[in-house]
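See below for the structure under consideration.
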């Protein structure tokens, strides 16, 4: 059986029109299909236009944009890290120092009140003894 | 100035104007192919276009003059667009514009204008119902007017395969239109 649909499309591919004789040889379904194909072809040829306005071409390196964005992200992350981590740490250090000083003062005052100035054996002062033994981590 | 001469000037003399001339010549074709493949919104199409232009700018010095520039460019457009789809699997819905209305004023009565508009919408819808490769085949043949052999080089498939796939794609598009009721 002859494939007139294929034959007609071959003609269209060559830029020819499909003659009526061929259309008449086709059955109803084939004819309907080829007529629609012709319609699509004509419409697309004339109308498929999503043209851009003529302007100077500016080529931008997309990887450069990505790099720029990622550097921004990096800086923001660094800033957040400093705010989020540095301040709690510095606060904690200050608290520890204060606590250490106050404890030492308190104990010293305690010894002074009861026994005068007291130096534990092997240490020049109470403060030295405390800092090296009881509260080394504070 | 031919495409090859533009490429030669760009490669040998770093002539940016020659590159711009080449790009402006194919600007609309690039956009049509990108649009055909990704059928996404304008921003996605523009991003992909930029990727293509940048890739072209970098790879053109490697051009060997063995293949036709148009097939080289169209292959790059299709591959970059497919890459875009892979990277952005969640493609947003198509901006509804495939066929322009600029020649509708040629039709005289409101009925014929409406009829023509409906026909265009149906054709557009039928095209976008097809799978990407079928749609690209039709656009490359019937809009960009590439020959079967040129399309075969773009798709890196034998000409016979391309021809039968194109014919099947056209039949499918026509059947969709018939089913949707265009007269």
Quiz item: Based on the alpha carbon coordinates of chain B, what radius of gyration and maximum Cα-Cα distance (Dmax) apply, in Å?
Solution: 18.1, 57
Quiz item: What do you get for Rg/Rh over the range B:1-94 if you use C-alpha atoms and the Kirkwood form of Rh?
Solution: 1.01
Practice problem: Would you tell me the mean number of C-beta atoms belonging to other protein chains that fall within 10 Å of each C-beta in A:31-44, as a whole number? | Solution: 6
Self-check item: Neighbour-count ranking [beta-carbon atoms within 10 angstrom, fewest first] of A:11, B:127
Solution: A:11, B:127
Quiz item: What order do you get for A:107, B:143 when you list them from fewest to most C-beta neighbours inside 10 Å?
Solution: A:107, B:143
Quiz item: If you rank A:23, B:5, B:56 by fewest surrounding Cβ atoms within 10 Å, what's the result?
Solution: B:5, A:23, B:56
Quiz prompt | Protection proxy ranking, peptides B:11-22, B:41-52, average beta carbon neighbours within 10 Å, highest first | solution = B:41-52, B:11-22
Exercise. Only helical DSSP H runs with n ≥ 4 go in: add -39500 (n - 2.57) per run for chain B, normalise by residue count and round the 222 nm mean residue ellipticity to 500 deg cm²/dmol.
Key: -24000 deg cm²/dmol
Practice problem: Measure nothing fancy, just the Cα-based angle from helix B:132-142's long axis to the longest principal axis of chain B, in degrees from 0 to 90, nearest 10. | Solution: 80
Exercise. Report the calculated FRET efficiency for residue B:147 and residue B:113 (r = Cβ-Cβ distance, R0 = 51 Å), to the nearest 0.05.
Key: 0.90
Practice problem: For the range B:1-43, state the average projected area of the convex hull of the C-alpha atoms over all orientations, rounded to one decimal in nm². | Solution: 3.6
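Taken together, the values in this text are just the output of simple stated rules run on the coordinates, not laboratory data. Keep in mind the model is a prediction, meaning the values are calculated, not measured. We place every Cβ from the backbone using ideal geometry, glycine too, and count neighbours over all the protein chains shown.
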